[in-house]
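Shown next, in structure tokens, is the structure this report addresses.
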Protein chains: 2
Amino acid sequence: METADLGLPVDVPSTALFTDHYELTMLQAALEGGTAERRSVFEVFTRRLPEGRRYGVVAGTGRVLDAVENFRFDAGLLGFLRERRVVDDATLQWLASYRFSGDIWGYPEGEVYFPGSPILRVEGSFAECVLLETVILSILNHDSAVAAAASRMSSAAGGRPLIEMGARRTHELAAVAAARSAYVGGFETTSDLAAGFRYGIPTVGTSAHAFTLLHDTERDAFRAQVDSLGRDTTLLVDTYDVAEAVRVAVEIAGPELGAVRIDSGDLLLVAHRVRQQLDRLGATETKIVVTSDLDEYAIASLAAAPVDAYGVGTQLVTGSGHPTCSMVYKLVARAESADPKAPLLPVAKKTTGGKTSVGGRKWAARRVDEHGVAEAEVVGTGPVPPELADHQLLVQLVKAGQVVAREPLDVARDRHAAVRDRLPLSATQLSRGEPVLPTEYL
Amino acid sequence: METADLGLPVDVPSTALFTDHYELTMLQAALEGGTAERRSVFEVFTRRLPEGRRYGVVAGTGRVLDAVENFRFDAGLLGFLRERRVVDDATLQWLASYRFSGDIWGYPEGEVYFPGSPILRVEGSFAECVLLETVILSILNHDSAVAAAASRMSSAAGGRPLIEMGARRTHELAAVAAARSAYVGGFETTSDLAAGFRYGIPTVGTSAHAFTLLHDTERDAFRAQVDSLGRDTTLLVDTYDVAEAVRVAVEIAGPELGAVRIDSGDLLLVAHRVRQQLDRLGATETKIVVTSDLDEYAIASLAAAPVDAYGVGTQLVTGSGHPTCSMVYKLVARAESADPKAPLLPVAKKTTGGKTSVGGRKWAARRVDEHGVAEAEVVGTGPVPPELADHQLLVQLVKAGQVVAREPLDVARDRHAAVRDRLPLSATQLSRGEPVLPTEYL
């Protein structure tokens, strides 16, 4: 992770404009009305998991911490807001000195979540908290969607390694975040160099049809690749005839050939044939990498095939059918007045038309059975029952504006694997079903 | 569009690492093997439209031009590649002076496309072209997916304005590109301040439930908002009881109240009731803005409702069920040798397993009937028939490495509206069907 500090090219000078226009106009109205300084508690949660999913995966927490730290309005941004008359001068002046000075608690990255889980809790003045809504939701909704897909794929893959290859299927910077989330969810490597650069994720590459087509013959292409990259390279064998390509590949690289990649056709059938052929040719250690529109179901269907690694693109970076979560950022409690000592009142939207929420500042704990297996997500607003005290889920991430819980990405990755292992077995069933844990409100 | 030049905060110093690892290893092998300088033609196309869609929308072209211009390997990036041993020193040296010096032709931004349309054609040495694959596909696949959804929504909305509100549902920088694509596809405004800053798109805001909940009563909230933002503001009326909220809103703001926003419930029913109530209260000019999980179908279903504007989030930024296109970047022709005068040979992947392509450098034209209505997408590799000469679709975007076709975003937006108007009427049917134009190969 040694290069992560360099930041470029995916750092941005400020995250303050990743903000919806109305956050600033509400701020202006609250400043003018004298309510902006009321102590407030906002919570991020989701009312439901994507249809049929058994659990959600919290990802992006580390990026949220970066975003909060870099949420600053410099002269350029303020000039833009002034020129566009988004808010008045008093508000601009307030924004110029903006630094988040409150507290943030949250589920640590890699944790799982369920409907109603208070995934993130942001506390401070209304003014300082309301501004963070858009960027926090952007990050968590995107990153968690990808991590959930990655987690299902890594379950489906058993112990076989997964390579993230989706950069070309999503926005170029979303791709970097997606590679990061995939890593948290259980992927081993990425093809995305920017993700390697920014987050230290191991990068790998195979070869493309273009390289073969550049050469006069497939043999020329294989020879050029092996000569330059060594015998342990991965040769792409489906440009013309697969059997012929495998024959030539082993002829050129010898049984030390690292791997062959199959990127089209009936992967189950082709993998079996290629394995038999490789073995016949003595290349018993040569691995088979398959790619081509894989999702968790396709991966699971290849469990009995002689496949050594999966490269996954589109379906990973688009959340395997669910490219976003439905996380919301809601005011759940606020002070009666701007007095810092004023007590907090629970608040909640109440209409018959839906989108209602549960007011009050919440804790959450995961109740486990005598074998340590999770049996319920317990969410409450009162005191924490003593038997749940050691099973609480929220940890402090930011204290008085200072990030206090930065951690290497590997910690989040390991956490996810450990947490998933403690869910009931049906959590990793791919078939559609209910959340694997019920959410209980105390 | 006056602030677009400032660049921040979504500019990145270099786009060169938005690249898959294998592009660089292939480059190394081609440099070493003496094939890197073979003149090459790569084309971007898609084999199919998303299931049931009638047409695709090209978006992101302007961003592609920025990406190509900024594709540079500085010392930091080269140091990373060296440290990770991605490629050898000779390749690093080659990368250090990388500037794209070839030509790019493409469908202009806002054009529509069909299966097989050569959306972008990149010509130069193999080495300089192959490196651009990942970033070009990232941009076009993402941006075009959003633009296609936007175009369908804007058809469904008739002339009513659409507000892009999806920032919180997607990656924070993907959101900026999504707002840009939505604008090309027919949206009027965005809530995303970064999109306003970077691309000059008009930004707008309404109000959130949090603002109402911050106050002791809804009346207090409305008064604070109107006092600060004026009577032409948009008040959110579904936090508690809609009818009561509308009554109080008009009482406070008077009939000059700009708009009310409805964000939950049965929008058709509620919009009718709110319209009647507003009219009864004399607020006949007060507009109704609806939001809440809208897609093109929900928008169409509100055609008969008294709705003045639609705010669209999730379904827009996730491409309304199709968050990515399936565009690919394929080598279609290359020279026999590194001699700059060597003739180009068409090349194509040929296997029985699928993913085959049509070799050869292509032109494309849209054949129209006597009324000027499009009737076919014609794609060819030979000479252009004289009757199609004036209907060609590809324009030169980059000439010898220099961008020659930069244009304001409004031009792309206007182009899209004009092009869509010249498609057969069934193009804007929302029901699933075949591409509205057949693709003919000459």
*Estimated vicinal HN-Hα couplings, Hz - the stretch A:45-62 in sequence order (Karplus 6.51, -1.76, 1.60; Gly, Pro = x)*: 7, 10, 7, 7, 7, x, 2, x, 6, 8, 7, x, 10, 6, 9, x, 4, x
_Residue-by-residue Karplus 3J(HN,Hα) for the stretch A:424-437, coefficients 6.51, -1.76, 1.60, Hz, glycine and proline x_ = x, 3, 5, 4, 9, 4, 7, 5, 5, x, 7, x, 6, 10
*Bin width 20 Å, alpha-carbon pairs only: give the P(r) of chain A as whole percents, running from 0 to the bin holding the largest distance.*
24, 48, 23, 6, 0
*Output ³J(HN,Hα) for the stretch B:323-338: one whole-Hz value per residue in order, computed from phi by the Karplus curve 6.51 cos²θ - 1.76 cosθ + 1.60 with θ = phi - 60°, and x for Gly and Pro.*
x, 9, 8, 10, 5, 10, 10, 10, 5, 10, 7, 7, 6, 5, 8, 6
*Rounded tilt (10° steps) of A:21-33 against the dominant C-alpha axis of chain A*: 20 degrees
*Mind listing the label-point distances from A:GLU440 to the same position on all other copies, shortest first, one decimal in nm, points 7 Å along Cα→Cβ?*
7.0
*Two-decimal Rg/Rh of the stretch A:377-442 from alpha-carbon positions, Kirkwood Rh?*
1.03
_Cα-centred dipole magnitude for chain B, charges only on beta-carbon of K, R (+1) and D, E (-1), debye, nearest 20_ = 1140 debye
_Scattering profile of the stretch B:59-154 at q = 0.11, 0.14, 0.15 Å⁻¹ [log10 I(q)/I(0), Debye over alpha-carbon scatterers]_ = -0.41, -0.62, -0.69
*Which whole number of Å³ per residue matches the convex hull of the alpha-carbon atoms in the stretch B:207-290?*
72 Å³
*Could you let me know the centre-to-centre spacing of the stretch A:300-347 and the stretch B:178-220, using Cα atoms, in angstrom?*
22 Å
*Please give, to one decimal in nm, the separation of the simple spin-label points placed at B:GLN392 and B:ALA75, each 7 Å out from Cα toward the Cβ.*
4.5 nm
*Give me the Debye-computed log₁₀ of I(q)/I(0) at q = 0.06, 0.07 Å⁻¹ for the protein assembly as shown, equal point scatterers on Cα only, no solvent, two decimals.*
-0.40, -0.55
_DSSP-loop trypsin sites (Lys or Arg not before Pro) across the stretch A:243-347, with at most 14 other Cβ within 10 angstrom_ = A:LYS341
*What is the dipole size for the protein assembly as shown, taken about its Cα centre, with +1 at each Lys and Arg Cβ and -1 at each Asp and Glu Cβ, in debye to the nearest 20?*
960 debye
*Accessible area per residue, 1.4 Å probe, Å², for the protein assembly as shown: what's the number?*
35 Å²
*Roughly how tilted is helix B:218-229, in degrees to the nearest 10 and between 0 and 90, from the longest Cα axis of chain B?*
60 degrees
*Mind putting together the pair-distance distribution for the stretch A:146-321? All Cα pairs, 10 Å bins, whole percent per bin, short to long.*
11, 38, 35, 16, 0
*So what's the convex hull volume per residue for the Cα atoms of the stretch A:266-369, in Å³?*
240 Å³
*asked:* If I model a spin label at B:ALA90 and A:ASP410 as a point 7 Å from the Cα along the Cα→Cβ vector, what separation in nanometres do I get?
replied: 3.5 nm
*Given a Förster radius of 41 Å and the C-beta distance between A:GLN402 and A:ASP369 as r, what FRET efficiency does 1/(1 + (r/R0)^6) yield to the nearest 0.05?*
0.60
*Taking a probe of 1.4 Å and counting only protein heavy atoms, give the total accessible area buried between chains B and A in Å², rounded to the nearest 100.*
8700 Å²
*If one takes the longest principal axis of the Cα atoms in chain B, at what angle in degrees, from 0 to 90 and to the nearest 10, does the Cα axis of helix B:409-421 lie?*
90 degrees
*How many percent of DSSP beta bridges within the protein assembly as shown run antiparallel, rounded to 5?*
65 percent
*Taking only the C-alpha atoms, wrap a convex hull around the stretch B:244-296 and report its volume per residue in Å³ as a whole number.*
75 Å³
_Accessible area of B:HIS371 in the full protein assembly, 1.4 Å probe (Å², nearest 10)_ = 150 Å²
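The values are calculated or read from the model by the stated rules, or taken from the named source; none is laboratory data. Fair warning: this is a prediction, and the values are worked out from it, not measured in the lab. Here the Cβ is made from the backbone with ideal geometry for all residues, glycine too, and neighbour counts use every protein chain on show. Side chains included, ligands, DNA and RNA excluded: accessible areas come from the protein's heavy atoms. Shrake-Rupley method; radii C 1.70, N 1.55, O 1.52, S 1.80 Å.
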